[in-house]
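Peer 1: Handing you this structure, nothing more for now.
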Amino acid sequence: MSATIIYVMGVSGVGKSTIGNKLAESLDIPFFDGDDFHPEANVLKMSSGQPLNDDDRLGWLQTLNKLAIKHLADKGCVIVCSALKEKYRELLSTNIQQNTKWVFLHGSFEQITERINGRKGHYMKSNLLQSQFDILEEPKEAIKIDISLTPETIIEVIKKELQPKSEFGLFGLGVMGKSLSRNLANKGFNISLFNRHVEGSEENVAVNFKNEFAALASAKAFDNLEAFVASLQTPRKIMLMVNAGKTTDYVIDDLLPFLSEGDIIIDGGNSNYHETKRRFDDLKSKNIHFIGAGVSGGEEGALTGPSIMPGGDKESYKEVQPFLEAIAAKDLNNLACCTYIGTEGSGHFVKMVHNGIEYVEMQLLAEVYTILQAQGKNPDQIATILESWKPTTNSYLLEITIDILRKKEGDDWLVNKIMDKAGNKGTGNWTTITTAELGVPSTMIASALFARYTSFYKDERTTASNKLSSDIDTSLSLENDTILQAYQFARIINHYQGFKLIHEASINYKWGLNLSELARIWTNGCIIKSDLMVDLVTVFKNTNNLLTDDGITQQLKALKPGIKKVVSDCILNEIAIPNLCESINFINSFAVADCSANIIQAQRDYFGAHTYQRKDDATEQFYHTNWKN
C-alpha cells in the first residue's frame with residue numbers, strides 16, 4: 001500500500017485508540033492519538049464537563065492536518081480523532097484528500113456509555129456523549145466497522161478494505177464482455193470482473209477467465225455480487241455486458257442494494273433507447289447515474305478498439321470518459337472513436353440506427369453477390385471483383401465479404417453450404433418501427449429488414465419457386481463497373497436515410513446530436529466503417545442533409561445511369577435486389593417537385609373529410625370538398 005493517512009474516527013468511547021494503535025502496529029506505520037494534541041484550554045474545558053465548539057477545535061484540527069502531511073512524506077500514519085462533522089474531516093484532509101482513508105467505528109449509545117463508564121482517569125465524561133451523537137455526521141465514504149466485533153477481527157476487516165480497489169467493473173463475461181475486459185486490462189486499468197454462478201453450467205467463469213490471460217493477472221474476479229461491488233473505487237463505475245431487455249432490469253435491481261449515491265452504471269448492450277430513457281430516469285431518482293452506451297465492432301473490435309456511443313448525463317460521462325476513450329478505436333487523427341452523444345437514450349438510439357445502416361450495407365453486398373452469381377461467377381471470382389473495388393469503395397463489410405467468399409471447406413466454398421436464412425436480434429426491427437413513428441422515410445432499412453424476414457420462409461420460398469418461377473433466360477450481361485456504380489449509388493442513399501433519421505430524432509427529442517462527430521466515431525472500430533464514412537465527416541460539418549451537398553449530388557447524378565441499368569436488367573431477369581431497387585425508387589419519388597400525394601390526400605378527404613391544402617393558396621388554409629357533386 002502506498003503512503004496513506006488513516007484517520008480512525010467516531011464518538012468518544014468506541015475504542016479508537018485501541019484499534020488505531022493495533023492497526024498502526026500491524027501496518028508498521030506510526031500511530032498518533034488526536035487527543036494528545038489538544039491545547040490545554042480544550043482539555044480543561046472538557047474536564048469541566050463543557051463540550052468543545054467549532055472555534056475550540058479549529059486549531060487542533062489544523063495541527064493534526066500538519067502532522068498528517070509531515071508523515072505522508074514517509075510511510076503515512078494512523079491518527080485517531082473523533083472528526084464527527086464533515087467540515088472537520090475536510091480540514092483534516094486538506095491538500096491530502098487523495099491519500100486519506102477513513103475508518104468509522106460505530107456502536108449504540110448504550111453500548112458506548114457502558115464503555116465510557118468503565119474507563120478511569122479519562123477527561124471525557126459520559127454526560128458529554130450525547131452532545132457527540134447530536135453533532136455526528138456519518139461519513140459517506142469510509143470503512144464502517146461495528147465495534148461489537150473483536151479488535152482482531154476489526155483489524156483484519158480494515159486491512160482488507162485498505163487494499164487498492166479497482167477503477168472499473170465489468171459485469172457479464174460473454175463474448176463482448178471478455179473482449180472488453182482484456183482491452184481495459186491491456187490499457188493498464190485495474191478492473192474487477194463479475195459473472196454469475198449457475199451450478200453445473202456457469203461455475204468459476206470469472207476466475208477461470210482471469211487465469212487464462214496474463215494481462216488479467218491484477219484483475220479481481222468474482223461470482224459474489226456484493227464482493228464485486230465492494231471491490232470498486234467510488235464513485236463506482238460498472239459496465240453491464242448482458243442481454244438487452246428484462247435481463248438488464250434484473251441485473252440493475254440486483255446491484256442497487258450495494259450501490260451508493262453517485263455510482264455509475266453503463267449499459268453496453270443493444271438496449272432499446274426507450275428502455276434506456278426509462279432506466280435513466282428511474283435511477284436518477286435514486287441518485288444513481290445511468291449511461292446507455294452503444295458498442296460496435298464485434299468480438300475483435302471490443303478487444304482491439306470498438307466504436308463507442310455513450311448517452312446520459314454529461315457530468316457522469318466525464319467520470320467514465322478516460323476508460324471508454326482509452327479502449328475505443330482511433331480515427332485518422334488518433335482521436336478516440338468515442339464521444340459524448342447526448343442525454344437519456346441518445347447513445348443507444350444512434351447505435352440502433354448504426355445497426356439499421358449496417359443491415360442495408362450487408363444486404364447490398366448480398367445483392368451484388370446475387371447479380372454476379374447470376375452472371376456465372378463463382379465465389380472466388382466474385383471476391384476478386386470486390387477486391388478490385390477497394391481502392392474507391394472500401395469498407396469493413398466489403399473486406400469481410402471478400403474473406404467469406406474465399407473460404408473453402410473441402411472442394412467447395414463454405415458459403416455454398418450455409419443455409420439461406422438470415423437472422424436478426426431486433427435492432428433492425430426497432431429502427432424500422434422508429435422511422436415509422438417519427439415519419440422519416442428510411443425505406444432502405446425497412447427493405448433490408450423485410451429481406452431477412454423473407455429469407456426465413458425457406459420452405460414456402462422453395463414451393464413458390466417451383467410454382468411461380470418462369471422459364472426466361474436469366475443470363476445477365478452487366479459490366480462490373482456498372483454494378484459498382486449501382487452499389488455506390490445505393491450506399492449513398494442508405495447513409496442519407498440513416499443520418500436523416502438521426503437528425504430528425506435529434507430535433508424531436510431535443511438531443512442536439514452532431515452528425516459530423518457521429519460520422520467521425522464511425523470511421524473506425526465499428527461494423528459500418530468505410531471510406532464513405534470518412535468523407536461524411538467533412539460533409540456534415542456544412543450540412544445535416546446529404547442531398548444538399550454539391551459533391552454528393554454530383555456523385556449521385558454520375559452514378560444514376562448505373563443503378564438504372566442494373567435495376568431494370570435485374571427486374572427483367574427476375575433477380576431479387578430489393579435494396580438496390582429501393583435506392584432508385586426513393587430518389588425517383590423524393591427528387592420531384594410534384595408527386596402523386598395530391599391524389600392520396602384527395603382520397604382521404606373523400607372518404608374521411610381529412611381536408612387538404614391548395615397550391616394556389618399561400619395562406620396554407622385547409623379545405624374540404626363534397627366530391628360526389
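Peer 1: What pairs come up if the first residue lies in region 42-63 and is on the phi < 0 side of the Ramachandran plot, the second is part of a helix (DSSP H, G or I) and aliphatic (A, V, I, L, M), and their beta carbons are under 6 Å apart, counting only those six or more places apart or on different chains?
Peer 2: Short answer, once both residue conditions are applied: P51/L128; L61/L91; L61/L92.
Peer 1: Which ones in region 524-555 are over 35 Å from the mean Cα position of the chain (by Cα) and in contact (Cβ under 8 Å) with a residue 12 or more places away in the chain?
Peer 2: If the condition is that a residue be over 35 Å from the mean Cα position of the chain (by Cα) and in contact (Cβ under 8 Å) with a residue 12 or more places away in the chain, then Q555 is the only one that fits.
Peer 1: Suppose we filter A185, A142 for residues that are in contact with a strand residue (DSSP E or B) (Cβ under 8 Å, 6 or more places away or on another chain) and not assigned by TED's automatic domain parsing to the domain that holds S218; which single one remains? Spell out how you get there, then give the answer.
Peer 2: Numbers: A185 fails: not assigned by TED's automatic domain parsing to the domain that holds S218.
Only one candidate passes the filter, namely A142.
Peer 1: Further question: Among the residues of region 356-385, write down those that are of a type in the set (G, A, S) and at pLDDT 95 or above.
Peer 2: First, the residues of region 356-385 that are of a type in the set (G, A, S): 356, 366, 374, 376, 383.
Within region 356-385, G356, A366, A383 qualify.
Peer 1: I need the full set of residues from region 424-478 which are acidic (D, E) and under 28 Å from the mean Cα position of the chain (by Cα), in order please. Don't jump to the end; show me each part of the working.
Peer 2: Within region 424-478, the first condition is being acidic (D, E), and the residues that meet it are 437, 459-460, 471, 473.
Passing the criteria: only E437.
Peer 1: Here is a list: A221, A206, A244. Which entry is assigned to a loop (DSSP other than H, G, I, E, B) and closer than 23 Å to V320 by Cα?
Peer 2: Working: A221 fails: assigned to a loop (DSSP other than H, G, I, E, B); A206 fails: assigned to a loop (DSSP other than H, G, I, E, B).
After applying the criteria, what remains is A244.
Peer 1: Also: Working only within region 253-267, note down all residues that are surrounded by fewer than 21 Cβ atoms within 10 Å (Cβ to Cβ), at negative phi and not polar (S, T, N, Q).
Peer 2: First pass over region 253-267, keeping only residues surrounded by fewer than 21 Cβ atoms within 10 Å (Cβ to Cβ): 253-254, 256-258, 260-262.
Right, trim to at negative phi and you get 253-254, 256-258, 260-261.
The answer is D253, D254, L256, P257, F258, E261.
Peer 1: What do you reckon, is K529 surrounded by fewer than 15 Cβ atoms within 10 Å (Cβ to Cβ) and of a type in the set (D, E, K, R)? Before you say what the answer is, go through the steps one by one.
Peer 2: Values: surrounded by fewer than 15 Cβ atoms within 10 Å (Cβ to Cβ): no; of a type in the set (D, E, K, R): yes.
Criteria not met by K529.
Peer 1: Okay, moving on. Select from region 71-86 the residues that are modelled with pLDDT under 95 and farther than 15 Å from S2 by Cα and write down the one among them that is surrounded by the fewest Cβ atoms within 10 Å (Cβ to Cβ).
Peer 2: Restricting to residues being modelled with pLDDT under 95 and farther than 15 Å from S2 by Cα, the top hit is E86.
Peer 1: Just name the residue that is surrounded by the most Cβ atoms within 10 Å (Cβ to Cβ) out of those in region 586-629 that are over 30 Å from K560 (Cα atoms) and among the small types (G, A, S). Give the steps one after another, and end with the answer.
Peer 2: In the first step, residues of region 586-629 are kept if they are over 30 Å from K560 (Cα atoms); the result is 601-629.
Pick out the ones that are also among the small types (G, A, S) and you get 602, 608-609, 618.
Values: A602: 13, G608: 8, A609: 10, A618: 7.
Per the criteria, the residue is A602.
Peer 1: Okay, next question. Kindly indicate whether K417 is surrounded by fewer than 13 Cβ atoms within 10 Å (Cβ to Cβ), in the same structural domain as Y457 (by TED's automatic domain parsing) and not polar (S, T, N, Q). If you could, list the steps in order and put the result at the bottom.
Peer 2: Values: surrounded by fewer than 13 Cβ atoms within 10 Å (Cβ to Cβ): yes; in the same structural domain as Y457 (by TED's automatic domain parsing): yes; not polar (S, T, N, Q): yes.
In short, yes.
Peer 1: In addition: Has region 32-47 got at least one residue that is of a type in the set (A, V, I, L, M) and under 27 Å from K160 (Cα atoms)?
Peer 2: As a first pass, look at region 32-47 and keep what is of a type in the set (A, V, I, L, M): 41, 43-44, 46.
With the extra rule that they be under 27 Å from K160 (Cα atoms), the set shrinks to none.
No - not one qualifying residue is present in region 32-47.
Peer 1: When both residues are 6+ apart or on different chains and their Cβ atoms are under 6 Å apart, which pairs have a first residue that lies in region 424-439 and is over 9 Å from M352 (Cα atoms) and buried (at least 18 other Cβ atoms within 10 Å of the Cβ), and a second that is at pLDDT 95 or above and polar (S, T, N, Q)?
Peer 2: Close Cβ pairs (under 6 Å, with a partner that is at pLDDT 95 or above and polar (S, T, N, Q)) amount to T435/S442.
Peer 1: Something else now. Quick one: which helices (runs of 4 or more DSSP H) lie wholly within region 68-172 and hold at least 3 residues that are farther than 30 Å from A206 by Cα? Quick ask: steps written out before the conclusion?
Peer 2: Details: elements: 86-92, 109-117, 129-135, 151-162.
The qualifying helices (runs of 4 or more DSSP H) are 86-92, 109-117, 129-135.
Peer 1: Determine whether A214 is surrounded by 12 or more Cβ atoms within 10 Å (Cβ to Cβ) and of a type in the set (G, A, S).
Peer 2: Values: surrounded by 12 or more Cβ atoms within 10 Å (Cβ to Cβ): no; of a type in the set (G, A, S): yes.
When the stated conditions are applied, A214 does not pass them.
Peer 1: Condition (residue is in a loop (DSSP other than H, G, I, E, B) and among the β-branched types (V, I, T)) applied to region 227-236: is it met by at least one residue? Steps first, please.
Peer 2: From region 227-236, those in a loop (DSSP other than H, G, I, E, B) are 231, 233-236; that's our starting set.
Those left that are additionally among the β-branched types (V, I, T): 234.
Within region 227-236, one or more residues are in a loop (DSSP other than H, G, I, E, B) and among the β-branched types (V, I, T).
Peer 1: Please find, among T427, T432, the residue that is at pLDDT 95 or above, of a type in the set (V, I, T) and over 25 Å from L559 (Cβ atoms).
Peer 2: Values: T427 fails: at pLDDT 95 or above.
Checking each option against the conditions leaves just T432.
Peer 1: Using the structure shown, decide if A217 is of a type in the set (A, V, I, L, M) and either touching a Ser or Thr at 6+ places or on another chain (Cβ under 8 Å) or closer than 23 Å to I288 by Cβ (or both). Show your work before the answer.
Peer 2: Numbers: of a type in the set (A, V, I, L, M): yes; either touching a Ser or Thr at 6+ places or on another chain (Cβ under 8 Å) or closer than 23 Å to I288 by Cβ (or both): no.
When the stated conditions are applied, A217 does not pass them.
Peer 1: Does L184 satisfy the criteria of being more than 15 Å from the chain's Cα centre (by Cα), surrounded by 22 or more Cβ atoms within 10 Å (Cβ to Cβ), within 20 Å of G347 (Cβ to Cβ) and not hydroxyl-bearing (S, T, Y)?
Peer 2: Numbers: more than 15 Å from the chain's Cα centre (by Cα): no; surrounded by 22 or more Cβ atoms within 10 Å (Cβ to Cβ): yes; within 20 Å of G347 (Cβ to Cβ): yes; not hydroxyl-bearing (S, T, Y): yes.
Criteria not met by L184.
Peer 1: Starting from region 1-23, keep only residues that are over 13 Å from C77 (Cβ atoms), then list their pairs with residues that are modelled with pLDDT under 95 and hydroxyl-bearing (S, T, Y) whose Cβ atoms are within a distance under 7 Å, requiring at least 6 positions of separation or different chains.
Peer 2: These pairs meet every condition: M9/S82; G10/S82; V11/S82; S12/S82.
Peer 1: From S108, S126, S179, grab the single residue that is at pLDDT 95 or above and among the polar types (S, T, N, Q). Steps first, answer last, please.
Peer 2: Values: S108 fails: at pLDDT 95 or above; S126 fails: at pLDDT 95 or above.
After ruling out the rest, the residue left standing is S179.
Peer 1: Kindly indicate whether V295 is assigned to a strand (DSSP E or B), over 25 Å from W102 (Cα atoms) and either under 20 Å from the mean Cα position of the chain (by Cα) or not assigned by TED's automatic domain parsing to the domain that holds P310 (or both). First the steps, then the outcome.
Peer 2: Working: assigned to a strand (DSSP E or B): yes; over 25 Å from W102 (Cα atoms): yes; either under 20 Å from the mean Cα position of the chain (by Cα) or not assigned by TED's automatic domain parsing to the domain that holds P310 (or both): yes.
Yes.
Peer 1: Could you run through region 1-59 and say how many residues are exposed (fewer than 15 other Cβ atoms within 10 Å of the Cβ) and of a type in the set (A, V, I, L, M)?
Peer 2: Number of matching residues: 6.
Peer 1: Taking the conditions exactly as written (assigned by TED's automatic domain parsing to the domain that holds E300 and buried (at least 22 other Cβ atoms within 10 Å of the Cβ)), does L225 satisfy them or not? Lay out the reasoning, then the answer.
Peer 2: Details: assigned by TED's automatic domain parsing to the domain that holds E300: yes; buried (at least 22 other Cβ atoms within 10 Å of the Cβ): no.
No.
Peer 1: State whether the residues of region 469-476 include one that is of a type outside the set (S, T, N, Q) and buried (at least 21 other Cβ atoms within 10 Å of the Cβ). Let's see the steps before the verdict.
Peer 2: Filtering region 469-476 for residues of a type outside the set (S, T, N, Q) gives 471-473, 476.
Going one step further and asking which of them are buried (at least 21 other Cβ atoms within 10 Å of the Cβ), we end up with none.
So far as region 469-476 goes, no, none of its residues is of a type outside the set (S, T, N, Q) and buried (at least 21 other Cβ atoms within 10 Å of the Cβ).
The values are calculated or read from the model by the stated rules, or taken from the named source; none is laboratory data. Values in this document were obtained by computation on a predicted structure and should not be read as measured data. Don't worry about glycine lacking a Cβ; one is built from the backbone with ideal geometry, like all the others, and counts go over all protein chains shown.
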